[in-house]
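Q: If you scroll down you'll find the structure; I have some questions about it.
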């Protein structure tokens with residue numbers, strides 16, 4: 001109890017910058033709307049470095065979400081790869097196979113611009129979204 005109190009007092013005295021803060025949360029649903037309609041909802045995500053984007057399967061799995069990499073510079077590519085958990089390949093997240101399955105991605109300190117997100121398992125259906133890093 002004394003150790004907890006002491007830690008709390010030290011953090012309070014150090015000021016707000018001593019406490020790590022998680023950025024804003026951005027939930028993104030992965031939806032099979034029937035037939036050939038597969039989509040991200042929302043299709044446009046605006047986030048800042050440190051924000052968390054969470055992809056959640058609503059219907060129609062499996063999904064492998066990642067970034068289109070043909071127009072990325074080496075530094076942004078490396079930062080995105082390092083930030084993706086349980087990668088299944090370059091710029092690809094884990095396999096999400098059942099409704100309710102999800103993964104969280106913390107936006108790294110990449111260049112402020114637009115990044116194209118795609119579902120590698122639904123390329124034929126043009127399932128894509130845009131991540132705008134501000």
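Residue by residue, here is whether (1) buried (at least 20 other Cβ atoms within 10 Å of the Cβ); (2) over 19 Å from residue 44 (Cα atoms) holds:
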{"residue": "70", "(1), (2)": "no, yes"}
{"residue": "80", "(1), (2)": "yes, no"}
{"residue": "83", "(1), (2)": "no, yes"}
{"residue": "111", "(1), (2)": "no, no"}
{"residue": "126", "(1), (2)": "no, no"}
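Q: Could you tell me whether residue 90 is in contact with a helix residue (DSSP H, G or I) (Cβ under 9 Å, 6 or more places away or on another chain), surrounded by 12 or more Cβ atoms within 10 Å (Cβ to Cβ) and modelled with pLDDT of 95 or more?
A: yes
Q: When you look at residue 14, is it in contact with a helix residue (DSSP H, G or I) (Cβ under 9 Å, 6 or more places away or on another chain), surrounded by fewer than 15 Cβ atoms within 10 Å (Cβ to Cβ) and modelled with pLDDT under 95, yes or no?
A: It is false that residue 14 is in contact with a helix residue (DSSP H, G or I) (Cβ under 9 Å, 6 or more places away or on another chain), surrounded by fewer than 15 Cβ atoms within 10 Å (Cβ to Cβ) and modelled with pLDDT under 95.
Q: Follow-up question, since we're still on this one. Based on this model, can you work out whether residue 36 counts as surrounded by fewer than 18 Cβ atoms within 10 Å (Cβ to Cβ) and in contact with a helix residue (DSSP H, G or I) (Cβ under 6 Å, 6 or more places away or on another chain)?
A: Yes.
The values are calculated or read from the model by the stated rules, or taken from the named source; none is laboratory data. Quick caveat, the model's predicted, so the values are computed rather than measured. When we count neighbours, we look across all protein chains shown, and the Cβ atoms used for this are built from the backbone with ideal geometry, even at glycine.
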